[in-house]
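What follows is a set of notes on a single structure, which appears directly below.
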Amino acid sequence: MSLRGRARDARARFIDRRTPVRALPLAVSRRRLYILPTRSGALFAVLLTVMLLGATNYENSLAFALTFWLGAITLVSMHHAHGNLLGVQIITVSAAPVFAGNAARFEISLNHDTGRARRALRISADDAEASTRVDIEPGDTRTVTIAVPATHRGRLRCPRLRIESVYPIGLFRAWTWLQPDARVLVYPRNAGRDRLPARASGEQPAQQLTARGHDDFLGHRPYVAGDSTRRIDWKASARSDDLLVREYAERRSETLWLDEALAGAGDREARLSQLARWVLLADRAGLAYGLQVNNERIGPDAGPAHRQACLRALALA
């Protein structure tokens with residue numbers, strides 16, 4: 001392994017030891033806050049050294065005063081850079097479930113418990129180059145979004161977060177790593193055939209049927225004792241010798257069972273992706289459907305809650 005590779009591995013081990021997974025809220029502490037000069041800060045230090053040598057050589061009091069004044073500004077900027085991060089805390093991390101192949105978007109809420117504003121904070125996933133800039137006023141809570149590729153189904157952990165700042169004048173960079181205990185559910189890929197399977201009994205695929213109900217108007221029929229008077233069509237009855245009652249149709253669906261055995265002979269991830277596709281198609285069509293996976297039967301039912309329960313079972317199968 002090359003020297004660069006060994007250095008990268010050593011850095012990763014150091015970060016892992018110093019950044020354990022912790023429950024929220026998660027605050028920046030002194031023990032895990034690091035600070036080093038930036039490139040501008042290093043050049044500024046070289047400049048101060050040259051100025052000090054020149055002042056010493058020429059025994060110039062004004063040069064000494066200027067050098068020490070700039071040095072004092074440097075020390076004060078280091079103190080402010082350190083304090084700008086100290087006490088910042090992550091209070092919540094949330095993310096909506098996604099399908100594999102898309103990006104999970106973690107919503108991260110930050111605040112602090114001091115009376116001083118925090119300026120020019122940058123937050124990013126540890127291995128990402130792009131970062132989001134945020135300012136936090138006293139008593140305010142700010143939310144930033146971190147997008148993470150969701151390549152596999154299951155549970156995706158929130159990435160290690162890097163928070164850094166070069167405030168106030170860019171001479172020092174203060175940073176820390178935080179690893180919140182938060183995960184998002186990743187469903188199988190939404191892929192496969194768009195045609196719903198036939199029922200296991202060999203009948204045709206589930207289709208909508210009609211029965212007596214209150215959704216679609218079918219026509220009139222003679223009044224029968226016990227019918228609700230609200231359904232009597234008085235205008236139509238006035239043109240007839242009998243009381244006529246409105247009759248309506250109600251839409252309902254056959255029950256469709258989605259089984260892994262019906263999803264083809266591909267690998268398991270492809271079969272689960274097909275089941276996820278069928279769940280979405282059946283839900284969109286308003287069908288009552290059930291899911292059988294890993295010897296677990298869910299449903300039959302319909303609606304958003306049932307759809308989420310089925311997709312969750314597929315994600316964790």
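The values are calculated or read from the model by the stated rules, or taken from the named source; none is laboratory data. No experiment lies behind these values; they were computed from the predicted model shown. As a convention, Cβ positions derive from the backbone with ideal geometry for all residues, glycine included, and neighbour counts pool all protein chains shown. These area figures cover heavy atoms from the full protein model, side chains too; ligands, DNA and RNA do not enter into them. Shrake-Rupley method; radii C 1.70, N 1.55, O 1.52, S 1.80 Å.
Can we say residue 127 is open to solvent by 50 Å² or more (accessible area, probe 1.4 Å), without any contact (Cβ under 8 Å) to a residue 12 or more places away in the chain and under 24 Å from the mean Cα position of the chain (by Cα)?
The answer is no for residue 127.
Just one of 287, 311 is modelled with pLDDT of 95 or more, at negative phi and of a type outside the set (Lys, Arg); which is it?
311
Could you tell me whether residue 51 is of a type outside the set (Gly, Ala, Ser), in contact with a helix residue (DSSP H, G or I) (Cβ under 6 Å, 6 or more places away or on another chain) and more than 25 Å from residue 16 (Cα to Cα)?
Working: of a type outside the set (Gly, Ala, Ser): yes; in contact with a helix residue (DSSP H, G or I) (Cβ under 6 Å, 6 or more places away or on another chain): yes; more than 25 Å from residue 16 (Cα to Cα): yes.
Yes; evaluated as a whole, the condition is true for this residue.
Could you list, in sequence order, all residues of the range 71-130 that are polar (S, T, N, Q) and touching a Lys or Arg at 6+ places or on another chain (Cβ under 8 Å)?
Answer for the range 71-130, where residues must be polar (S, T, N, Q) and touching a Lys or Arg at 6+ places or on another chain (Cβ under 8 Å): 84, 109, 111, 124.
Just to be sure I understand the filter: pairs with C-beta atoms under 6 Å, separated by 6 or more residues or on different chains, first member in the range 242-262 and more than 25 Å from residue 299 (Cα to Cα), second member at pLDDT 80 or above and hydrophobic (A, V, I, L, M, F, W, C). Which pairs pass?
Every condition considered, the pairs that remain are 243/232; 244/236; 245/232.
Among (1) touching a residue at least 40 places away in the same chain (Cβ under 8 Å); (2) on the phi < 0 side of the Ramachandran plot; (3) surrounded by fewer than 16 Cβ atoms within 10 Å (Cβ to Cβ), where does residue 300 come up short?
Here residue 300 meets the rest and fails (3).
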